[in-house]
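Visitor: Just dropping this structure here.
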Amino acid sequence: MTATDIQRALRLKYGGSCDLMAHNIWVFKWESDTVVLQKSGYLAEFEIKISRSDFRADFKKRIRTHYVRWGNGSHMTPKHELLTTDNPVYQGVNDTVQLRRPNRFYFAVPKGMLTELDIPAHAGWVEIDHRRVTVRRKAPLLHRGKHGQEYADKILASIYHRYWCLWREVHERKTANKKEAQAECDRLNGKEA
């Protein structure tokens, strides 16, 4: 099972019941595998893991944060500490710490890869078996802050930019293929340049 298979299963399960859903985007200070902006204004993040080593590595990720208590320096903070903290020391200028993280955080994994004991208290857990998603443990609410239009705009902008990057990539491939095909045709017809 691949990360794309898991994303597809999540899209089938949650895509029709949310305001927005996107994959592999930067909404917070880290790239989110899948985010779901629910009609309630709560945002759920799904961290996709396809192996136990991939799962363990997630707890080693460090995110650059502004450390405002002692000035404008920066600090590398473990991602999972950012998910669970309400400590204002991680707060940026004119920014609230609660809205710099999802309301709920899930691990999305292939069926049978993890056990209940593997999942930290701040996270939920969904298992994917082919295209079937089973919520093994609902994620606790990390905060009650609503993610309003600003976050919807971030998600939409990310989708927009990804679309145009993919369009450009496909267009460049088609153009290169046409040129290659024409060059091959010319070569076969003895019209080499």
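Visitor: Once phi is turned into θ = phi - 60°, what whole-Hz ³J(HN,Hα) does the Karplus curve with 6.51, -1.76 and 1.60 give for every residue of segment 158-165, x standing for Gly and Pro?
Guide: 5, 4, 4, 5, 5, 4, 5, 5
Visitor: How big is the equivalent ellipsoid of segment 98-160 along its three axes, where each semi-axis is √(5λ) from the Cα gyration tensor, reported in whole Å from largest to smallest?
Guide: 26, 16, 8
Visitor: Now a separate question. Please tell me which of these pairs span more than 23 angstrom C-alpha to C-alpha: Lys49/Lys138; Lys29/Lys49; Lys13/Lys79?
Guide: Distance filter (> 23 Å) returns Lys13/Lys79.
Visitor: Just to be sure I understand the model, the point goes 7 Å from the Cα along the line to the Cβ. What's the resulting Trp167 to Arg8 distance in nm?
Guide: 2.5
Visitor: Can I ask one more? To the nearest 20 debye, what charge dipole does segment 104-193 have about its Cα centre, counting +1 at the Cβ of each Lys and Arg and -1 at the Cβ of each Asp and Glu?
Guide: 380
Visitor: Determine ³J(HN,Hα), in whole Hz, for all residues of segment 175-183 in sequence, where each value follows from phi through the Karplus function 6.51 cos²θ - 1.76 cosθ + 1.60 and θ = phi - 60°; x replaces Gly and Pro.
Guide: 4, 5, 5, 5, 5, 5, 5, 5, 4
Visitor: Let me ask something else about it. Give the order of Phe107, Phe59 when sorted by the count of other beta carbons within 10 angstrom, beginning with the fewest.
Guide: Going from least to most buried by this count: Phe59, Phe107.
Values quoted throughout were computed directly from the atomic coordinates according to the rules given, and no laboratory measurement underlies them. Remember, it's a predicted structure, so these values are computed and weren't measured experimentally. Note that we place each Cβ from the backbone using ideal geometry, even for glycine, and neighbour counts take in every protein chain shown.
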